[in-house]
Every structure is written in C-alpha cells, then in structure tokens.
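Note sheet for the following structure.
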Amino acid sequence: MTTAPAQAGWRFRQPSVIPGFGLTLGFSLAYLTLIILIPLSGLVWRSAALGWTDFWAIVADRRTLNALKISFGTAFIAAAVNVVFGTIVAWVLVRYRFPGRRIADAMVDLPFALPTAVAGIALTTLYAPNGWIGQLLMPLGIKVAYTPLGIVVALVFIGLPFVVRTVQPIMEEIDREVEEAAASLGASRFQIITRVLFPGLAPAIITGFALAFARGVGEYGSVIFIAGNLPFKSEIAPLLIVIRLEEYNYEAATAIAAIMLALSFVMLLVVNLAQTWSRKRYG
Amino acid sequence: MADPEIKSYEPLHESLSAAVTESRPVRWVAMGTAFVFLAVFLLLPLIVVFHEALAKGVGSYAEALASPDTRSAIRLTLLVAAISVPLNVIFGISAAWAIAKFEFKGKAFLTTLIDLPFSVSPVISGLVYVLLFGAQGLLGEWLKAHGIVILFAVPGIVLATVFVTFPFVARELIPLMQEQGNGDEEAALSLGANGWQTFRYVTLPNVKWGLLYGVLLCNARAMGEFGAVSVVSGHIRGLTNTMPLHVEILYNEYNAVGAFAVASLLAGLALVTLVLKTLLEMRYGAEIAATRGH
C-alpha cells in the first residue's frame, strides 16, 4: 500500500513506482474520446441544434409516441417475466443438484453469444402460425409472431441471462446458517423464503430487471423479424430510427435517438434509487 | 476445518437440512418450470436453426454456404473481427493498466464511461457514425472533398463494431487486475525489470485467462453484431454484407435454407464460444475474477 503524505495538497494521482501511467491513460482517453465520446456528443449536438419546437414536434408525433410506448412497454413486460422465471432458474441452478446442471448453466449465456439476427429468425420460425410452438398456440387463439407478443418473446430471450447472472452469485453467497437459524426458530419454509431470503436478493433482482429492461428497450436484431413491424402496432423505436434514416430524415432519427437515451437514463436513475432504497430498507 | 467437535453437531445439522430446503413437490415444480422455460426459450431456437438449415438436405445446405455472396459475407465478418477485436484488446489492456494499477481522480467516472456502449441501443451506435460521416453529417463534406469513404464501406462497419464491443476486454481485465494488486509488479521493478518486461513477464501471465475470456466474448459480439452494422453498412451485396446482415437479406428473400445455413455457422460460433467460456470458468475460475457477467 502506498501511503500518501497526509493532505499534501490536491494531486491528480497518488505516487507509484509502477511506470506507464501517462502512456496508458493517455491512450485510453484518446481512444475513448475518438470512438465513443465524439460520436455520441455529435448526437447530442445535432439534437440540440434542432431547437425545442422541432424536437417536440418529432417526439410528439403519434407514430413516434407509439413506437416509444411499444419499445418501453414490451421491454418492461419481458423484464418482469424474466425476473420471475430468471429467479426460479437461478434458484434451481444454485440449490438443486441434477444431471446436466452444468450444461443448463452454460446454456443460460446463449442469448449473449447467439447473434441477435439468428435469434430473430429462429424465434420467428418457431412462433409463426405453422411453427413448432405457433401451431400449438394457434388453436388457443394466441398469435405470437407478427404481434407485440412476439416482441415480448424476443425480449424475454435477450434479457434472461441478465437476470440469472445478476441474481445467481448473490444466491450462491447466501449463508445457509441464516436459514437454519430461521428454521430452528420455527419459521416455515415459505416464511424463510419471503422474509429472510428475498430481502437479501431484492437489490440483485432489481439490478437484473434494470439490465434486462435497458437491453430490451434498445434491442433491434431479434425483434424486427418477429414483430411484423406495423406502424402504431408493432413498430419499435429503434426500427423507427432506421426508417427515418433511410428516408434521409436525420432530424427525426436524431430526435428519437436522443429521447430514447434520455428515457433510458432516467430509468436507470430510478432503478439506482430503488436499489439504494431496498438496501436501506432490507440491508 | 475438519474439527471433530463440529462433527458432533452434524445430527442436528441433518435434521435441520429438511427445513432449509423446499418440500419435494415444490422442488419438482421449480425444476420443471425452469427446465420447460429453458427448453422453450433457449434450446428450441437453437435446434430450429439447424433443423431449418438442413430441411432440404445436406446438399442444398452445402450449396447455400458455397454461394459467392455467402463466402464474401464470411470473409468480411472475419476481417471486421480481425481488426476490431485486437483494437479493443489494446484498449482494454491499456485502460486496465491505468485504472487498476494507479489511484487517480475521476477513476470511477472513467470506468462508468467505458461501460457506456452497453447501455446504448445498437441502432444508436450506428446512427452516431452516420451523423458524423454521412453525406449530411458533420464531416460529410470534408470527407467527400478528400475522397475518403467511411460510411457504407468497411471502415464504417469496423467503427460500429468497435463501438459495440468496446467494453468487453476492459471490463474483464479491470476487476481482475485490481484484485491482483501491485505486489508482483513492484517486486519485478525492484529487481530491475523495466516497465515493458514487468508487463510482459509478470502482469500478462497473471491475467492471460481473463484476457482470453474477454477476447472470446468480444469476438462473439463482433462477429454477430447486427443493429449497429446494419445502420452503417448500406447492405451492398458481396461488398458490405456481414454474415448477420446476409442472414437478414436471405431471410427476407424467403430463402429459408440459405438464411438458416449462414445462421447455423453463427450458431456454431456461439456454441463454441459457450463451450470455451465454460471450460475457462471451470479450469481457471479464480484467475478470471469473481465478477462474471456478459
């Protein structure tokens, strides 16, 4: 440990014998600026240049509003589904021993590894009216492919690992003695799960929800195949950006992108607050 | 650990173990739910890719893969990954060295900025380059005057890929190098090694498995990226079509065998990635850092 002289005035970095600070930080900052910061600030600059009235006219357009509603709504539902099933999957993987557990565990990462376009055409084929799952749902009157429900299915696929991989390590760390103590004091298994285990898992579950939600809002590749892409019905916001770009309507594309970024940012902020709250409440 | 006194408590422990797990029916329901969910959402999509690719026999599968457009899409995807992955490896190592080995002001902020591309929609990642380099873009006129082509060409595809895969290597290496501390490097330096030798013979061997893990994930994403690349590519057949974009074109032309044949290659890549990832986690789990994630 390097012990810096107490309060030797403000210094940018603490002294160290290790070389290469200037070189590595300089290169990292330059690369970050060129690849990420300049292009992103270009987006902010372009949307600021639009002016408030133009910006508002684009965002308040009925088609834009519907696309945003569909993107955020389906992402919310999919993240909620993943919270329920992802938590069950994580629990089964952590607590139960069964043959093939390692394979099941590895499979959870498939949505990270499988290109989204592949997932998109595979899910569409499965859920199309003549697909393996689609034809089972058809007699029940449930149409998945080419409807908003299809978007939810695609986003459930995309978001699953975010919930499982966030909740799983926290479950692994649970001290079994806490459960034993609760059991020896007469708590039922249900009480232990809801009153003892759940509060400890709540922050991780909220984080998993937020990650799955944020990813779902911006998802494009897997959704466009299964959604049907009908304006006002199953057209997601990222697709509308692409459509506006193809019409050379850079202003509209920029405005929709800016509002999406802003909404996602607000969302993450709310989730951060919720997390702090749940840590305080249960921590 | 193997304290005989603790052993004597085991009967009590045993009697309690029934109370700290779910009853048999609940366990079966939970496992059944998890299995059905994983089978429907993960296994079936994977199976359907190979099923559809081979639906008309091995002959038409091979034929689909042998078409010139498919072959040029494969070549372009390999080229883009071969450029963007090393770039992000160099950045990842450099950023991890600066962040993990030194204490400086604004470090937390810098770490947050590195993760930024993960929270941006792929479409927006492509859009920012169109706004910069497009005909109506900030640099559009200047690029045109100098005859430089970035958009709807390979440089644009590489840039968009670099953007979306930007954090992968850095976010594996930073926590790992932070956990390992500076002791080894300080020892090497005090024994007279120079900076490069310290990195090459001390740091790199310490982080090699974590680095490989990051490269694996970075590569999978680089080869599979769709949204960002789709926005900047212009979809010129045989020229700016990567494999995922080619899948889309074939699929929209109702060439199911062709689309799924190319998709099966990408699915194979995903499976290889998962197997290698799992092997790395099993064998070198401790050396890959505790923070697992995407």
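What follows draws every value from the coordinates through simple rules; no lab data is involved. Small disclaimer: the values here were computed from a predicted structure and weren't measured. Here the Cβ positions follow ideal geometry from the backbone for every residue, glycine too, while neighbour counts run over all protein chains shown.
Restricting attention to segment A:11-45, which residues are at the interface with chain B (Cβ under 7 Å from one of its Cβ atoms) and not in a helix (DSSP H, G or I)? A:Phe12, A:Arg13, A:Gln14, A:Ser16, A:Val17, A:Ile18, A:Pro19, A:Gly20 - these are the residues of segment A:11-45 that are at the interface with chain B (Cβ under 7 Å from one of its Cβ atoms) and not in a helix (DSSP H, G or I). If the condition is being buried (at least 21 other Cβ atoms within 10 Å of the Cβ) and hydroxyl-bearing (Ser, Thr, Tyr), then segment A:160-188 contributes only A:Thr166.
Of all residues in segment A:174-193, those being facing chain B (nearest Cβ under 8 Å) and among the charged types (D, E, K, R) number 4. A:Lys233 fails exactly one of the following numbered conditions: (1) within 30 Å of B:Val20 (Cβ to Cβ); (2) in a loop (DSSP other than H, G, I, E, B); (3) not aliphatic (A, V, I, L, M). What is the number of that condition? The number of the failed condition is (1).
Might you let me know whether segment A:189-200 holds any residue that is surrounded by fewer than 22 Cβ atoms within 10 Å (Cβ to Cβ) and under 24 Å from B:Ser230 (Cα atoms)? No, segment A:189-200 contains no residue that is surrounded by fewer than 22 Cβ atoms within 10 Å (Cβ to Cβ) and under 24 Å from B:Ser230 (Cα atoms). For the residues A:Arg195, A:Arg215, A:Arg279, the requirement of being free of Cβ contacts under 8 Å to residues at least 40 places away in the same chain and of a type in the set (D, E, K, R) singles out A:Arg195.
B:Ser84 meets all of the listed conditions (1) farther than 21 Å from A:Pro238 by Cα; (2) surrounded by fewer than 24 Cβ atoms within 10 Å (Cβ to Cβ); (3) hydroxyl-bearing (Ser, Thr, Tyr) but one, namely (2).
One residue stands out among those in segment A:92-112 that are assigned to a loop (DSSP other than H, G, I, E, B) and in contact with a Lys or Arg (Cβ under 8 Å, 6 or more places away or on another chain): the one that is nearest to A:Glu179 (Cα to Cα), which is A:Tyr96. For beta carbons closer than 7 Å, sequence separation of 6+ or different chains, a first residue in segment A:48-60 that is aromatic (Phe, Trp, Tyr) and a second that is surrounded by 15 or more Cβ atoms within 10 Å (Cβ to Cβ), the qualifying pairs are A:Phe55/A:Ser47; A:Phe55/A:Ala255. Which residues, taken from segment B:142-190, are touching a Pro at 6+ places or on another chain (Cβ under 9 Å) and over 29 Å from B:Gly234 (Cβ atoms)? B:Leu189, the sole residue that qualifies. Of all residues in segment B:254-291, those that are part of a helix (DSSP H, G or I) and either loosely packed, with under 14 Cβ neighbours inside 10 Å or under 19 Å from the mean Cα position of the chain (by Cα) (or both) total 26. Summed over segment A:222-244, residues that are crowded, with 18+ Cβ neighbours inside 10 Å and either over 21 Å from A:Val59 (Cβ atoms) or in contact (Cβ under 8 Å) with a residue 24 or more places away in the chain (or both) total 13.
A:Tyr248 meets each of the listed conditions (1) in a loop (DSSP other than H, G, I, E, B); (2) on the phi < 0 side of the Ramachandran plot; (3) out of contact with any helix residue (DSSP H, G or I) (no Cβ under 8 Å at 6 or more places or on another chain) apart from (2). For segment A:27-65, a residue qualifies if it is farther than 18 Å from B:Gly134 by Cβ, surrounded by fewer than 18 Cβ atoms within 10 Å (Cβ to Cβ) and of a type in the set (S, T, N, Q), and the qualifying residues are A:Thr33, A:Thr53.
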